[in-house]
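To start, the structure itself, in structure tokens.
The values are calculated or read from the model by the stated rules, or taken from the named source; none is laboratory data. The structure presented is a predicted model; accordingly, all values stated were derived computationally and were not measured. Note that each Cβ is placed from the backbone with ideal geometry, even for glycine, and that neighbours are counted across all protein chains shown. Side chains are part of the model used for accessible areas, which takes the heavy atoms of the whole protein and leaves out ligands, DNA and RNA. Shrake-Rupley method; radii C 1.70, N 1.55, O 1.52, S 1.80 Å.
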Amino acid sequence: MSTANETTEPRRKRALSLIQPSGIPTLGNYLGAMRNWVALQDEFECIFGVADLHAVTVRQEPARLRQRTYEVYALLLAVGLDPEKCLVFVQSQVPAHAELAWLLGCCTQFGELSRMTQFKDKSQSHADNINLGLFAYPTLMAADILLYRPDLVPVGKDQKQHCELTRDIAGRFNNLYSDTFVLPEPYIMQNCANVLSLQEPAKKMSKSDSNQNAFISMLDEPDAILRKFRRAVTDSEARVCRREDKPGVSNLMEIYGAVTGRTFDQIEEEFDGRGYGDFKSAVGEAVAETLRPIQDRFHTYMGDKAQLDALMKEQAGKAAVIACRTLDKVKKKMGFVLTK
Ligand code: AMP
Ligand code: TRP
């Protein structure tokens with residue numbers, strides 16, 4: 001993460017993204033986000049984080065949140081994010097996030113936040129707890145982003161609106177107080193898989209689905225993976241091909257292609273004349289095979305919490321150096337008195 005030679009070498013572009021520890025990431029999170037983050041770390045200067053402050057916008061059981069934070073952190077390392085190459089930190093361990101979120105909140109309009117579709121959706125699904133944090137969620141996300149001045153923010157489509165609001169807030173701040181923030185681009189990853197529910201292939205695969213058979217958790221045992229694929233919803237045609245009226249089979253082909261690198265034509269040929277039973281077993285085995293080495297590394301990391309703690313601390317320290325530089329600048333521009 002050295003910035004010492006910024007003047008002699010063109011700065012590599014910086015990418016930043018966070019993931020909430022609201023459940024064990026699914027195969028969808030892996031193929032649609034985490035796996036691509038690993039690919040990004042060689043091309044960009046990358047910063048990744050566990051968004052635990054975002055997770056408490058819905059009620060969390062403390063012991064569970066603590067455990068999930070370790071698990072998601074360990075999974076980020078296990079999939080191949082390398083702290084020698086990029087930053088991997090826990091959001092709540094860098095206080096500048098909460099502090100900048102407050103300042104940005106004072107530059108964000110009630111009307112803007114009311115229009116966020118995620119706020120509207122979550123107010124419906126958690127009608128008994130429509131708290132200030134849930135409403136202000138996008139200002140915290142704006143703080144996560146703007147503190148590090150990234151050029152790109154790789155996110156899924158559902159986060160695009162929050163990224164656009166971040167740009168609006170940053171632009172407004174720059175107008176009011178002079179140029180301070182870099183306006184980041186949302187970066188919707190190309191050629192990454194969009195994985196659908198195994199039970200209702202009209203919906204995306206989600207870690208919060210109440211039906212356990214609908215998603216593959218990244219920590220599912222091989223037996224569970226095979227069983228869930230065997231139960232996956234298909235159709236009655238018994239032909240492996242991609243077609244709009246075959247969302248279940250198309251989704252399985254997408255998953256199989258993503259983990260084996262095969263094209264849809266190759267998959268169609270491979271299973272020509274064979275039934276869905278064979279196909280589903282092959283998908284299950286390929287997925288289990290892909291997740292196995294990740295799970296092995298995950299268990300090694302989880303077996304040494306002291307080492308995880310030390311790494312988190314070191315990474316948060318490095319993140320804080322970048323974040324505090326931005327925060328101090330913002331506070332100075334807004335008229336706060338800073339003491340040395
Ligand atoms: P979430 O689980 O909704 O917090 O999503 C975290 C990241 O994983 C987002 O950037 C999404 O793009 C990605 N993601 C989540 N679910 C899927 C899915 N079913 N297929 C592909 N990508 C996904
Ligand atoms: N809100 C994002 C999600 O639910 C997670 C997130 C928090 C994030 N802060 C971020 C993503 C900053 C990108 C940049 O997926």
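The figures follow:
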{"quantity": "Whole-number D in µm²/s for region 52-127 (Stokes-Einstein; Kirkwood sum over Cα pairs; 37 °C, 0.692 mPa s)", "calculated": "218 µm²/s"}
{"quantity": "Length-normalised contact order for region 135-233 - Cα pairs under 8 Å, 6+ apart - percent", "calculated": "22 percent"}
{"quantity": "Filter on Lys122/Lys207; Lys13/Lys120; Lys160/Lys280; Lys160/Lys207; Lys120/Lys203; Lys204/Lys280 - keep pairs with C-alpha separation over 22 Å", "calculated": "Lys13/Lys120; Lys160/Lys280"}
{"quantity": "Tail fraction, Cα-Cα pairs, region 79-120, threshold 12 Å, whole percent", "calculated": "73 percent"}
{"quantity": "Alpha carbon convex hull of region 294-340, projected area averaged over orientations, nm²", "calculated": "4.9 nm²"}
{"quantity": "Relative contact order (percent, whole number), the chain, Cα cutoff 8 Å, 6+ residue spacing", "calculated": "20 percent"}
{"quantity": "Projected-area average for region 1-140 over all orientations - Cα convex hull basis, square nanometres", "calculated": "10.1 nm²"}
{"quantity": "Pair-distance profile P(r), taking every C-alpha pair of the chain, with 20 angstrom steps and integer %", "calculated": "28, 55, 16, 1"}
{"quantity": "Semi-axis lengths, Å, region 9-57, gyration tensor of Cα atoms, sqrt of 5 times eigenvalues", "calculated": "24, 15, 5"}
{"quantity": "Degrees between helix 276-302 axis and first principal axis of the chain (Cα, 0 to 90, nearest 10)", "calculated": "40 degrees"}
{"quantity": "Accessible surface, region 268-340, averaged per residue in Å² (probe 1.4 Å)", "calculated": "59 Å²"}
{"quantity": "Check: the chain dipole with +1 on Lys, Arg Cβ and -1 on Asp, Glu Cβ, in debye", "calculated": "1080 debye"}
{"quantity": "Reachable aspartates and glutamates, given that their alpha-carbon falls under 16 Å from the alpha-carbon of Lys85 and they are not under 8 places away in the same chain", "calculated": "Asp42, Glu43, Glu45, Glu314"}
{"quantity": "Tail weight of P(r) past 15 Å, computed on alpha-carbon pairs of region 157-205, percent", "calculated": "60 percent"}
{"quantity": "For region 77-171, the spread of Cα positions along each principal axis, largest first, Å", "calculated": "41, 29, 25"}
{"quantity": "Solvent-accessible area per residue for region 129-181 (1.4 angstrom probe, square angstrom)", "calculated": "38 Å²"}
{"quantity": "Region 186-247 - Rg and Dmax from Cα coordinates, angstrom", "calculated": "13.2, 40"}
{"quantity": "Within the accessible area of region 104-236 (1.4 Å probe), percent carbon and sulfur", "calculated": "49 percent"}
{"quantity": "Unpartnered cysteines - no second Cys beta carbon under 4.7 Å - across the chain", "calculated": "Cys106, Cys107, Cys163, Cys192, Cys241, Cys324"}
